[in-house]
1. Kindly check whether there is at least one residue in the stretch 470-479 that is in contact (Cβ under 8 Å) with a residue 24 or more places away in the chain, of a type in the set (Lys, Arg) and touching a Ser or Thr at 6+ places or on another chain (Cβ under 9 Å).
2. Residues being among the charged types (D, E, K, R) and buried (at least 20 other Cβ atoms within 10 Å of the Cβ): count how many of those fall in the stretch 369-391.
3. For the stretch 299-347, which positions are among the polar types (S, T, N, Q) and either more than 22 Å from Gly208 (Cα to Cα) or not in a helix (DSSP H, G or I) (or both)?
4. Please find, within the stretch 190-230, the residue that is surrounded by the fewest Cβ atoms within 10 Å (Cβ to Cβ) out of those that are farther than 24 Å from Val321 by Cα and aliphatic (A, V, I, L, M).
5. Those residues that are in a loop (DSSP other than H, G, I, E, B) and either aromatic (Phe, Trp, Tyr) or outside the structural domain of Val209 (by TED's automatic domain parsing) (or both), I need them from the stretch 251-277; list them, please.
6. Give the residue that is farthest from Thr127 (Cα to Cα), with candidates limited to residues of the stretch 211-250 that are in a strand (DSSP E or B) and modelled with pLDDT of 95 or more.
7. Take Pro166 and tell me if it is over 19 Å from Glu307 (Cα atoms) and either of a type in the set (Lys, Arg) or under 10 Å from the mean Cα position of the chain (by Cα) (or both).
8. I'd like the full set of residues that are among the aliphatic types (A, V, I, L, M) and either free of Cβ contacts under 8 Å to residues at least 60 places away in the same chain or in a helix (DSSP H, G or I) (or both), limited to the stretch 161-187.
Amino acid sequence: MGKFTITLSKLLEALKNYDLVVDYTIYQNFADINIDYISYNSKDIHPGSLFICKGFGFKEQYLKQALENGAIAYIAEQHYEDVPKDVPYIQVKDSRKAMSIIAIAYYDRPFEKINIVGITGTKGKTTTTYYVKNILDASRKRPTAIFSTVEMFTGKESEEAHLTTPESIDLQQHFDDILENGLDQLTMEVSSQAYKLSRVYGMDFDVGVFLNISEDHISPVEHEDFEDYLSCKIEFIKHCRTAIINGETREFDRVWKAAEENCQRVYTYGTNDSFDYYVENIRRQDGWMYFDICTKDYKKTFRTGMEGRFNAENALAAFAVAKVMGIDDASIARGLEITEVPGRMNVYRGQGKMVIVDYAHNYLSFSRLYESLKLDYPGQKIIAVFGCPGGKAYLRRRDIGTLSGENAQQIYLTAEDPQFEDVTEICEDIANYLKPYHVPYEIVPDRKTAIEKAIREALPGDILLIAGKGEETYQKVRGEYVPYESDVVIAKKCLHLL
């Protein structure tokens with residue numbers, strides 16, 4: 001039995017408020033049916049549960065299994081004729097939107113009791129999320145919650161994350177966990193899929209950051225085109241009370257218009273003085289990256305240990321969040337200085353070699369990464385190890401292949417979540433975009449072997465970039481999470497740092 005109980009009639013009322021109801025069964029005792037648990041997983045059902053039928057691959061047998069396991073009612077976009085007639089159901093227009101509204105109602109609107117900072121963008125979400133969290137931790141002198149691509153922390157133990165933004169039922173349960181653990185502040189990444197699949201439908205954010213957008217996540221299983229991708233990102237901004245927007249992002253005018261029409265406060269940031277917050281004079285010194293953050297009547301130098309000049313802009317976005325929340329400069333400085341994100345611009349040195357492990361996996365992240373490396377390490381040879389995922393984001397193969405052909409001097413192509421595709425075929429697809437640049441490349445299907453080979457063959461003074469997986473401890477292969485040591489661990493072992 002779950003922690004909460006709600007009547008089916010109250011859930012029906014909540015769904016009607018969002019005009020999601022098509023039909024429902026009516027019984028004399030309808031109002032008295034108590035729901036003790038909600039789930040979309042037929043295996044995660046016990047007596048007293050409400051089962052939600054959702055997903056492109058949903059089969060009626062899942063509903064039957066849920067009823068056998070004790071579900072007393074169900075939500076679906078259709079009425080299933082083979083199900084016993086006395087089982088209460090609510091037919092809805094959109095099961096995913098309905099699931100989010102049901103989760104919000106069942107868990108008693110927990111997001112409204114937490115101050116939530118949401119961050120979206122094609123690149124930089126994770127790093128900016130950690131900058132904000134660490135600033136908040138320093139200000140409050142205790143940990144705050146975080147939902148990121150790397151981990152989920154609700155106040156007790158940290159868990160490895162598999163979805164950038166969890167499914168709506170899981171998300172609302174995590175919000176309740178935050179409250180249960182005595183916290184009231186959360187920083188979270190918000191993916192385009194969070195809106196595409198209605199994971200955050202029906203909820204608002206206290207502060208929202210729009211970092212950037214470029215063509216990515218376009219495939220049959222993600223977004224059908226860039227317009228769909230952009231519209232999901234814009235939908236996020238519409239649901240923020242305060243919006244902070246990168247003034248130099250692609251499609252700025254559309255993002256700004258959405259924010260101006262829907263948000264209570266809107267701020268901009270960037271690299272020139274036309275914005276509310278801007279950064280200038282980015283420089284490296286003594287292992288730190290220094291930069292000046294300015295407003296029309298403010299200028300102060302901050303620093304971060306994170307590699308990559310683009311991280312000065314991520315730090316600026318976090319600074320803007322802190323300022324609209326009234327946080328002092330000392331806490332901001334402390335938060336920026338201590339930030340180190342697992343698998344994001346992690347630098348390891350050994351045997352005269354420099355290895356960078358980064359999560360870069362799309363056009364924008366690779367372009368900014370190469371740009372930063374060439375500015376900070378001019379004239380040094382760049383060796384890149386990377387792959388592309390199977391079954392989605394096909395444009396990455398062209399974009400990353402072209403960028404690497406233009407910027408790297410040696411390349412190893414390897415596995416990166418191949419799913420149902422053959423690794424060698426994915427690598428050969430990428431290689432087609434490398435060939436015009438005549439850069440030496442090698443296909444090494446096993447990722448661990450590729451990393452070991454690249455580090456072994458690198459010469460002192462070379463910069464070796466291992467991109468795409470970061471600290472993830474799995475590969476997605478044929479619908480399963482297959483254990484993998486992680487790029488970080490393998491790199492450290494090769495450099496004798498472990």
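The values are calculated or read from the model by the stated rules, or taken from the named source; none is laboratory data. Here the structure is a predicted model, which is why all the values come from computation and not from measurement. Please note: Cβ atoms are built from the backbone with ideal geometry, for glycine as well, and neighbour counts cover all protein chains shown.
1. The answer is no; no qualifying residue exists.
2. Qualifying residue count, the stretch 369-391: 0.
3. Thr301, Thr304, Thr339, Asn346, listed by residue number.
4. So the residue we want is Val221.
5. Within the stretch 251-277, just Phe275 meets the criteria.
6. Applying the filter and picking the extreme gives Arg241.
7. Considered against the rule, which asks whether it is over 19 Å from Glu307 (Cα atoms) and either of a type in the set (Lys, Arg) or under 10 Å from the mean Cα position of the chain (by Cα) (or both), Pro166 comes out as yes.
8. Result: Ala161, Leu163, Ile169, Leu171, Ile178, Leu179.
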